[in-house]
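Here is the structure we will look at, set down as structure tokens.
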Amino acid sequence: MSSLSLDQQITAARLSRIQRLLQWGIFPALLGLSALAAAASYSHRIDPMAAQMATFAASLLAVLLVQRVLPFDRRWQTSTKEDRRVDLTSWIALMTVFDPLLKRGLFPLLMSWTVTLQHPHGGLDLFPGDLPIVVQVALALIIAEFGQYWMHRFAHRQGWLWRVHTMHHVPTRISLLNGFRVNPLNMFWHQLSGLFVLMLIGTPAAIIHCVILLSTVIGVFQHANADLRFDGWNWVLGTADLHRWHHSTKASEAQCNFGQNIMLWDQLFGTYRRATPLAPAAVGIEGAVPSARGYLGWVLRSSLGR
């Protein structure tokens with residue numbers, strides 16, 4: 001067998017360097033971008049919503065790229081037309097209807113019913129807003145994740161919460177788009193136990209925007225079907241190599257890594273499962289037979305506990 005020519009060897013070496021750069025660098029690069037966007041938003045150099053949209057778009061493009069050129073599991077690259085339609089519809093519904101409805105409608109309304117009259121500036125004024133910004137963001141993440149961790153963990157017990165949550169777990173592959181397949185009720189209790197708690201204790205809006213920017217990058221990468229290297233990051237953040245085990249069909253494997261953004265509470269409460277180069281033998285819900293059709297069908301059946 002003839003050996004590669006010198007030009008072919010050079011090309012292969014360049015491709016290998018690009019691959020390693022993507023594997024090791026693209027996730028921290030997007031984290032760095034979110035940090036820059038947070039700093040610009042905090043200093044009023046950019047509108048917070050513009051910063052969030054730019055960070056979200058950049059994260060989507062990055063994950064679409066690495067899923068294409070560095071797939072983790074090629075079997076997860078294919079899906080049925082029905083699955084793609086449900087995933088895409090869920091994504092659009094969450095981003096354009098339910099997320100704004102919660103953040104700009106329901107949560108401010110709940111605030112007005114609870115503490116706004118006593119505290120005109122909003123919240124209970126319990127958050128230490130005089131600390132350095134980095135400390136404030138870290139503290140806000142820890143507080144928000146505590147509630148989200150326990151709500152997520154409760155949702156994996158048998159009962160109505162689990163049946164609602166199954167809409168997210170039923171896909172038999174893990175990819176960017178089906179990361180957005182979430183029942184709106186699931187989104188409600190997730191944000192209520194995290195974001196609303198931050199609002200309630202009086203966390204400055206600028207700090208909440210910083211938390212959202214960071215969670216945007218982590219959330220988009222968490223379901224990436226990409227062969228990326230998260231070594232080091234996966235001790236602290238909710239990376240894709242950890243989250244795959246959370247989607248295992250085996251209950252003994254899936255009862256782990258409940259953290260959305262940080263893994264602190266998993267580490268403290270014994271549900272942290274270390275990442276490995278492998279993936280679960282299968283993902284999804286063992287024995288589940290998808291019977292609903294269309295996005296509304298999934299929402300209604302899971303909401304009714306079926």
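On the given criteria, is Asp231 among the charged types (D, E, K, R), modelled with pLDDT of 95 or more and in contact with a helix residue (DSSP H, G or I) (Cβ under 9 Å, 6 or more places away or on another chain)? For Asp231, the condition - among the charged types (D, E, K, R), modelled with pLDDT of 95 or more and in contact with a helix residue (DSSP H, G or I) (Cβ under 9 Å, 6 or more places away or on another chain) - is not met.
Within the range 266-287, can you find the residues that are in contact with a Ser or Thr (Cβ under 8 Å, 6 or more places away or on another chain), of a type in the set (A, V, I, L, M, F, W, C) and surrounded by 11 or more Cβ atoms within 10 Å (Cβ to Cβ)?
Hits for the range 266-287 are Ala275, Ala282, Val283, Ile285.
Inclusion of Gly202 among residues that are in contact (Cβ under 8 Å) with a residue 24 or more places away in the chain, farther than 21 Å from Cys256 by Cβ and among the small types (Gly, Ala, Ser) is warranted.
Against the conditions (1) of a type outside the set (Ser, Thr, Tyr); (2) crowded, with 16+ Cβ neighbours inside 10 Å; (3) at pLDDT below 95, His119 satisfies every one except (2). For the range 197-241, residues that are in contact with a Gly (Cβ under 9 Å, 6 or more places away or on another chain) and more than 24 Å from Ala62 (Cβ to Cβ) total 10. Here is the figure for the range 221-252: residues that are within 26 Å of Leu198 (Cα to Cα) and not in a helix (DSSP H, G or I) total 5.
State whether one or more residues within the range 238-253 are surrounded by fewer than 20 Cβ atoms within 10 Å (Cβ to Cβ) and at pLDDT 95 or above.
Start the filter on the range 238-253 by keeping residues that are surrounded by fewer than 20 Cβ atoms within 10 Å (Cβ to Cβ), which leaves 249-253.
After this cut, where a residue has to be at pLDDT 95 or above as well, the list is none.
No - not one qualifying residue is present in the range 238-253.
For the range 59-114, filtered to residues that are of a type in the set (Ser, Thr, Tyr) and not in a helix (DSSP H, G or I), the residue that is surrounded by the most Cβ atoms within 10 Å (Cβ to Cβ) is Ser79. Within the range 257-286, the residues that satisfy the criterion of being under 22 Å from Leu214 (Cβ atoms), outside any helix (DSSP H, G or I), of a type outside the set (A, V, I, L, M) and touching a Phe, Trp or Tyr at 6+ places or on another chain (Cβ under 7 Å) are Asn257, Phe258, Gly259, Thr271. Within the range 249-267, residues that are without any contact (Cβ under 8 Å) to a residue 24 or more places away in the chain and under 18 Å from Phe230 (Cα atoms) sit with their Cβ atoms under 8 Å from residues that are part of a loop (DSSP other than H, G, I, E, B) and not hydrophobic (A, V, I, L, M, F, W, C), at 6+ positions apart or across chains, in these pairs: Cys256/Thr271; Cys256/Tyr272; Cys256/Arg273; Asn257/Gly238; Asn257/Thr271; Asn257/Tyr272; Asn257/Arg273.
Within the option set Gln267, Gln260, being of a type outside the set (Gly, Ala, Ser), out of contact with any Cys (no Cβ under 7 Å at 6 or more places or on another chain) and under 25 Å from Arg163 (Cα atoms) holds for one residue only, Gln260.
The values are calculated or read from the model by the stated rules, or taken from the named source; none is laboratory data. A quick note: this is a predicted structure, and the numbers were derived from the prediction, not measured. Positions of Cβ are backbone-derived with ideal geometry, glycine not excepted, and every protein chain shown enters the neighbour counts.
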